[in-house]
Each structure stands twice: as C-alpha cells, then as structure tokens.
Amino acid sequence: MIKITYVTITYQAAKVLQRTLDSVLGQDYPEITHLIIDGASTDGTLEMVNDYIERSNAANNGHKVLLMSEPDKGIYDAMNKGLRSLDGDYVCFLNAGDFLPAPDTVSSINVQCSMFNGQSPAVLYGDTDIVDAEGRFLHHRRLAPPEHLTWKSFRHGMLVCHQAFYARTDFAIATPYNQKYRYSADVDWCIRIMKAAAKENVPLLNLHMVVVNYTEEGQTTLHHRESLLERYRVMESHYGRISTFFMHCWFVIRCIIRPS
C-alpha cells in the first residue's frame, strides 16, 4: 500500500476548510498523513483543525494528522515547510476549499498504482472537476491531462491541476518551490518535477479518474492578470522565449476562432 501525504496550506480559511478536512477524514484508506501548514490564523481555523484531529483519532482509521501554525512568508514558503516535513511515498497539495471527490478516491489511486508494472512512477496524475464556493459541481476542467504526460506537455498550458498532481516524495523533497514567483510557482514546480523524472527515466502514471474537486477561487483567480504574466515568465524559463511567444500567439488565435 502506498503512503500518501496531503499538505493543506491555511490562513484564515475557516469558511472553506471544513469540506477539505471532511473529505480526507472520510477516506476508507488507512495510509494517509495530512499536514496542515497554517500561517497563524485567528478566525477559527485552528479550532477547526484541532477538532479534526480529535475526530481523526476517534475514528481510528489509520490516518495521521499534523498541525504546524506559525507566521510565514506566503503560500510557497508554507508549501516548502510542508516539503520539509513529508512522510510516505507521494505528496499532494490539497488547497483549503478543495476536496477529494469520493470516500474511495485514495483506495482507487492505490489500485491504479499497484497495477503499474516496474518502478514507482515519479508522478501520479488525474482529472479535475470544478466546483463553486458551496462545493457544487460546475463543470469538468477545460484543460485535460494527456494520456502520456511529460514536462514538455505544459507548453500547451497547465494540463494537470496542481491538486491532481501526486509527486513521489523523493522528487518533491529535492524540488522546493521557487519563491521568486508569487502566483505560479506551482506550475514551475510541476515542470521541474517532471524534468527530474525524465532525466532519471522514471515514468509518470495517468490515473484515468477524477482525483480532486477544485474550488474556482483563490490567489490565482483574485490576481488573474499578474498570474498570467508570471506564468508566461515561467514558460519562457523552461521552453524558451521564441517557442513561448509563438505558442501564446496560437492560444490567442484559438480563442478567436473557437465556435461559441
């Protein structure tokens, strides 16, 4: 059985956190560690997490829940704290407000992984459904993961949602988030993980299932223009200036000619 660590970054997240915690608590799979990295919240987040810890202990489901609460230098600093505290085989960053779609999500991931021949994949990746602020289904994510994902795939956009990207812990620990980025270090992180996997000839595994419900809110949504500009710089750093320019020209043309 693979051991999975979920890392959830919180700051004043009491309004959206409960469904995230409940979705992990409700998993019928025992080998789960849930790291809550909090930025010293004062809105009831910590009380919610402490109640979650008590409920998890009472459930006796094999889960381990760990809480760290202290000021940080932003979300990617907090994510790096999570990387330094990892336990298990794979890590997934599950945002406050996002949640696992079914009680058997992790069990199904484990089955897919156990059926894979050869060495443990460097990345397990799957599909994403988009939900509203109340957790209600809106639509499937427009960008869908390709059958065979590589680091070059992201030149066409972030085809796998960050929350649907399970990185093997040895690759994750060796690849901290680049804190020079404020909004798009997750894109850069995924690409660098996949580059490292390609260098070592370690495969990636498409899970062929929805692995997360993603809430259509967050820093990227709130700072959309800044995020797009920063993501462009990330793409330039990995794919080159000319390739990135022409690919974005194609994005614009595709949006213009796409039928309504």
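The values are calculated or read from the model by the stated rules, or taken from the named source; none is laboratory data. Computed from a predicted structure; not experimentally measured. Cβ placement follows ideal geometry from the backbone for every residue including glycine, while neighbour counts extend to all protein chains displayed. These accessible areas exclude ligands, DNA and RNA; they are computed on the full protein's heavy atoms, side chains included. Shrake-Rupley method; radii C 1.70, N 1.55, O 1.52, S 1.80 Å.
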Checklist entry - Are any residues in the range 152-178 closer than 17 Å to Tyr232 by Cα, touching a Ser or Thr at 6+ places or on another chain (Cβ under 9 Å) and either of a type in the set (Asp, Glu) or in a helix (DSSP H, G or I) (or both), and if so, which ones? => result Arg155
Checklist outcome for this item: If you go through Ser237, Ser227, the only one that is modelled with pLDDT of 90 or more and either open to solvent by less than 50 Å² (accessible area, probe 1.4 Å) or farther than 15 Å from Val160 by Cα (or both) is Ser237
Next on the checklist: Of everything in the range 28-38, what is part of a loop (DSSP other than H, G, I, E, B) and open to solvent by less than 10 Å² (accessible area, probe 1.4 Å)? Give them in sequence order.
Outcome noted: Tyr29
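Where residues in the range 98-135 are among the small types (Gly, Ala, Ser) and crowded, with 23+ Cβ neighbours inside 10 Å, which of them is nearest to the chain's Cα centre (by Cα)?
Taking the range 98-135 as the starting set, the residues that turn out to be among the small types (Gly, Ala, Ser) are 102, 107-108, 114, 118, 120, 122, 126, 133, 135.
From the residues that got through so far, the ones that are crowded, with 23+ Cβ neighbours inside 10 Å too are 122, 126.
Details: Ala122: 15, Gly126: 11 Å.
Out of the qualifying residues, it is Gly126.
Collect the residues in the range 48-70 that are under 24 Å from Glu134 (Cα atoms), in contact (Cβ under 8 Å) with a residue 12 or more places away in the chain and open to solvent by 60 Å² or more (accessible area, probe 1.4 Å), keeping them in residue-number order.
Scanning the range 48-70 gives Asn50, Arg55.
So which of Val187, Val211, Val202 ends up being modelled with pLDDT of 95 or more, in a loop (DSSP other than H, G, I, E, B) and surrounded by 13 or more Cβ atoms within 10 Å (Cβ to Cβ)? Steps first, please.
Working: Val187 fails: in a loop (DSSP other than H, G, I, E, B); Val211 fails: in a loop (DSSP other than H, G, I, E, B).
The conditions single out Val202.
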Item to check | Matching residues in the range 69-80 - criterion: being assigned to a helix (DSSP H, G or I) and either within 19 Å of Phe165 (Cβ to Cβ) or in contact with a Leu (Cβ under 9 Å, 6 or more places away or on another chain) (or both) | outcome: Ile75, Tyr76, Ala78, Met79, Asn80
Item to check | Qualifying positions in the range 1-24 - open to solvent by 20 Å² or more (accessible area, probe 1.4 Å), among the hydrophobic types (A, V, I, L, M, F, W, C) and under 20 Å from Phe165 (Cα atoms) | outcome: Met1, Ile2, Ile9
Checklist entry - What residue, of Arg55, Arg84, Arg136, is basic (Lys, Arg) and within 30 Å of Ala198 (Cβ to Cβ)? => result Arg84
Item to check | Residues of the range 191-205 satisfying the condition of being in contact (Cβ under 8 Å) with a residue 60 or more places away in the chain and within 15 Å of the chain's Cα centre (by Cα) | outcome: Ile193, Met194
Checklist entry - Any residue at all in the range 158-176 that is more than 24 Å from Ser114 (Cα to Cα) and open to solvent by 70 Å² or more (accessible area, probe 1.4 Å)? => result yes
